[in-house]
Amino acid sequence: MLFRSVVINTGPLFAAGNFGFRNCAELEAPWFDIACDDAGTKITVVKTAPDACNPGAGCMFTSTVTNESSLPFSGDVQLTDAMFFPDGTAINAPIVTIDPPGICAPAPGAVDFSCTANLSLAPGESQEIKIQVLMPNVPASYWAQNCFAVSAPGVAPPALPLAPGDESDVTSCAWVPFGGPADRKSTRLNSSHS
């Protein structure tokens with residue numbers, strides 16, 4: 001019996017929209033049959049935030065990018081990060097540190113940004129991207145929503161934040177309070193979440 005292994009680079013699949021593929025082999029005499037197998041890439045993102053941060057201080061957000069497929073992923077992706085007040089107003093926060101260093105080319109100076117990164121992830125492997133930003137000190141207390149997306153390079157980044165009720169494997173947002181607990185509670189109850 002003859003076996004053949006086929007290795008497929010899933011990077012272009014993600015660039016085409018994170019879709020799968022079907023690979024078929026045609027058998028000739030004496031069996032005359034077709035054998036097929038389906039596979040694909042599935043990149044997911046989970047954004048996490050600390051329990052609270054202080055206005056005017058650094059705040060660390062973590063985005064975990066995971067290859068949930070059974071195949072390795074290697075290729076360029078576009079990373080997009082943005083932050084918003086509950087009313088949807090963008091927050092421009094200077095970046096203090098990015099870990100791993102050099103993941104973005106060129107290195108961004110503030111949130112919001114989009115950059116190109118090269119990711120290589122084995123099946124089931126994750127990579128954390130930690131970004132510490134300097135938060136505004138006005139107002140004295142507020143909530144902020146930080147969103148992170150992974151998409152194909154060379155195309156417009158996804159709109160952030162996601163619309164209420166929308167879901168995406170490649171976009172994730174996290175809320176974090178800044179300032180005093182009394183204001184945090186009332187602001188949280190009056191904001192919408194995705």
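The values are calculated or read from the model by the stated rules, or taken from the named source; none is laboratory data. What you see is a predicted model; the values in this text were computed from it and never measured. Positions of Cβ are backbone-derived with ideal geometry, glycine not excepted, and every protein chain shown enters the neighbour counts. Surface areas here come from the heavy atoms of the whole protein model, side chains and all, with no ligands, DNA or RNA. Shrake-Rupley method; radii C 1.70, N 1.55, O 1.52, S 1.80 Å.
Exactly one residue among Pro101, Pro139 is under 18 Å from Asn54 (Cβ atoms) and outside any strand (DSSP E or B), and that residue is Pro139.
Determine which member of the set Gln132, Gln127 is surrounded by 12 or more Cβ atoms within 10 Å (Cβ to Cβ), within 17 Å of Gly58 (Cβ to Cβ) and at pLDDT 95 or above.
Step by step, each of Gln132, Gln127 is checked, and only Gln132 is surrounded by 12 or more Cβ atoms within 10 Å (Cβ to Cβ), within 17 Å of Gly58 (Cβ to Cβ) and at pLDDT 95 or above.
Only residues that are aromatic (Phe, Trp, Tyr), closer than 21 Å to Ile129 by Cα and surrounded by fewer than 22 Cβ atoms within 10 Å (Cβ to Cβ) were counted in segment 141-169, giving 0.
Whenever a residue of segment 138-163 is under 15 Å from Cys104 (Cβ atoms), its partners that are crowded, with 20+ Cβ neighbours inside 10 Å and among the basic types (Lys, Arg), lying with C-beta atoms within less than 6 angstrom and at least six residues away or across chains, give the pairs Phe148/Lys47. Those residues that are part of a loop (DSSP other than H, G, I, E, B), within 15 Å of the chain's Cα centre (by Cα) and closer than 18 Å to Thr48 by Cα, I need them from segment 61-86; list them, please. Listed by number, the list is empty, since nothing qualifies.
Looking only at residues in segment 49-72 that are polar (S, T, N, Q) and in contact with a Pro (Cβ under 7 Å, 6 or more places away or on another chain), the one that is most open to solvent (accessible area, probe 1.4 Å) is Ser70. Pairing each residue of segment 110-135 that is part of a loop (DSSP other than H, G, I, E, B) with any residue that is among the acidic types (Asp, Glu) and modelled with pLDDT under 95, provided the two are 6+ apart or on different chains, yields C-beta distances under 8 Å for Gly124/Glu68.
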